[in-house]
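Notes follow once the structure below has been shown.
The values are calculated or read from the model by the stated rules, or taken from the named source; none is laboratory data. Here the structure is a predicted model, which means the values were calculated and not measured. In this analysis, Cβ positions are derived from the backbone assuming ideal geometry, glycine residues included, and neighbour counts consider all displayed protein chains. These area figures cover heavy atoms from the full protein model, side chains too; ligands, DNA and RNA do not enter into them. Shrake-Rupley method; radii C 1.70, N 1.55, O 1.52, S 1.80 Å.
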Amino acid sequence: MEQLKKKELISRNLTENDRKILESYVAVAEGIGRVFGNCCETTIHSLENPFKSLIYINHGEVTGRQIGSPLTDLALELVEKAKDTTEDMVGPYFSKTASGKLLRAVTVFIRNENKDLIGFICINLDISAPLNQFMKILMPQEEGGTKDSVSENYSNTVEDLVHSAFLSVQKKMSQTTGVAPIEKNRKIVQKLQELGIFEIKGAVDTVAAELGVSKFTIYNYLRDVRDR
């Protein structure tokens, strides 16, 4: 009876929009799981039924849980604390699983548009895993080529973004043979246009300088692209 009363106190009557908000975190949880691999468990809990709260989990072998598992005792406490705080995150903190794994964890509150708590996303990193296992997950695998390698430039300013986008497109175009330089320039401008680069103020001047042409030439290329 006491357990049922506790369930009534912390459970939420979720709306369809609340459920959509919870579902929107699935991609986030999946992304975290892909970065850290099977040494990191990520879960999403719903407060609609606290004793069957787990609605998403990846790498559940970390804690041995599965869909339909209940909230943890810490999460039960956080439900109460959430009423009196504007904080949306707890941690990082350390905890131990029943099997003795040491976890470094973070719990993030999921609130709806009314700031009501409707669930949690929890990240549990198994720091007791062997270091070589963890590093094997994080480091690129030489075997099988570089199919997971992606070129990405981290820009500090929009000027950096324009410059790096130009270099990336130019590099790809340089591998194209049998195309006149003027046509290559036109195709570079076309691709940058498709990427939305020319929506950035000053992008025309930057690209013109990189190609060694006037900005009026860039405008002509853009006019041709739009006419096509």
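Data table
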{"quantity": "Boolean, Arg104 is modelled with pLDDT of 85 or more, open to solvent by 40 Å² or more (accessible area, probe 1.4 Å) and farther than 19 Å from Arg12 by Cα", "calculated": "yes"}
{"quantity": "Selection status of Val108, within 26 Å of Ser24 (Cβ to Cβ) and out of contact with any helix residue (DSSP H, G or I) (no Cβ under 6 Å at 6 or more places or on another chain)", "calculated": "yes"}
{"quantity": "In segment 50-60, the residues that are over 12 Å from Asn124 (Cα atoms) and either crowded, with 16+ Cβ neighbours inside 10 Å or of a type in the set (Val, Ile, Thr) (or both)", "calculated": "Pro50, Ser53, Leu54, Ile55, Tyr56"}
{"quantity": "Test: Glu41 is crowded, with 18+ Cβ neighbours inside 10 Å and under 30 Å from Met135 (Cβ atoms)", "calculated": "yes"}
{"quantity": "Qualifying positions in segment 111-126 - within 16 Å of Pro70 (Cβ to Cβ) and over 21 Å from the mean Cα position of the chain (by Cα)", "calculated": "none"}
{"quantity": "Residue list for segment 161-200, filter: farther than 19 Å from Arg226 by Cβ, open to solvent by 50 Å² or more (accessible area, probe 1.4 Å), not in a helix (DSSP H, G or I) and not polar (S, T, N, Q)", "calculated": "Gly178, Ala180"}
{"quantity": "Members of segment 1-28 found to be at pLDDT 50 or above, open to solvent by 70 Å² or more (accessible area, probe 1.4 Å) and hydrophobic (A, V, I, L, M, F, W, C), listed by number", "calculated": "Leu9, Ala27, Val28"}
{"quantity": "Tabulated pairs, segment 162-179, first more than 14 Å from Gln190 (Cβ to Cβ), second assigned to a helix (DSSP H, G or I) and open to solvent by 20 Å² or more (accessible area, probe 1.4 Å), C-beta under 6 angstrom, 6+ apart or interchain", "calculated": "Val162/Thr206"}
{"quantity": "Count of residues meeting criterion [open to solvent by 50 Å² or more (accessible area, probe 1.4 Å), assigned to a loop (DSSP other than H, G, I, E, B) and not charged (D, E, K, R)] in segment 61-82", "calculated": "5"}
{"quantity": "Gly68, sole failed condition from (1) farther than 24 Å from Gln133 by Cβ; (2) at pLDDT below 85", "calculated": "(2)"}
{"quantity": "Residue selected from segment 205-228 under the condition within 17 Å of Ser164 (Cβ to Cβ) and not small (Gly, Ala, Ser), by the criterion most open to solvent (accessible area, probe 1.4 Å)", "calculated": "Asp205"}
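Let's see how each residue does on (1) at pLDDT 85 or above; (2) of a type outside the set (S, T, N, Q); (3) within 30 Å of Leu54 (Cα to Cα); (4) touching a Lys or Arg at 6+ places or on another chain (Cβ under 9 Å):
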{"residue": "Glu142", "(1), (2), (3), (4)": "no, yes, no, no"}
{"residue": "Val150", "(1), (2), (3), (4)": "no, yes, no, no"}
{"residue": "Gln175", "(1), (2), (3), (4)": "no, no, no, no"}
{"residue": "Lys191", "(1), (2), (3), (4)": "yes, yes, no, yes"}
{"residue": "Asp227", "(1), (2), (3), (4)": "no, yes, no, no"}
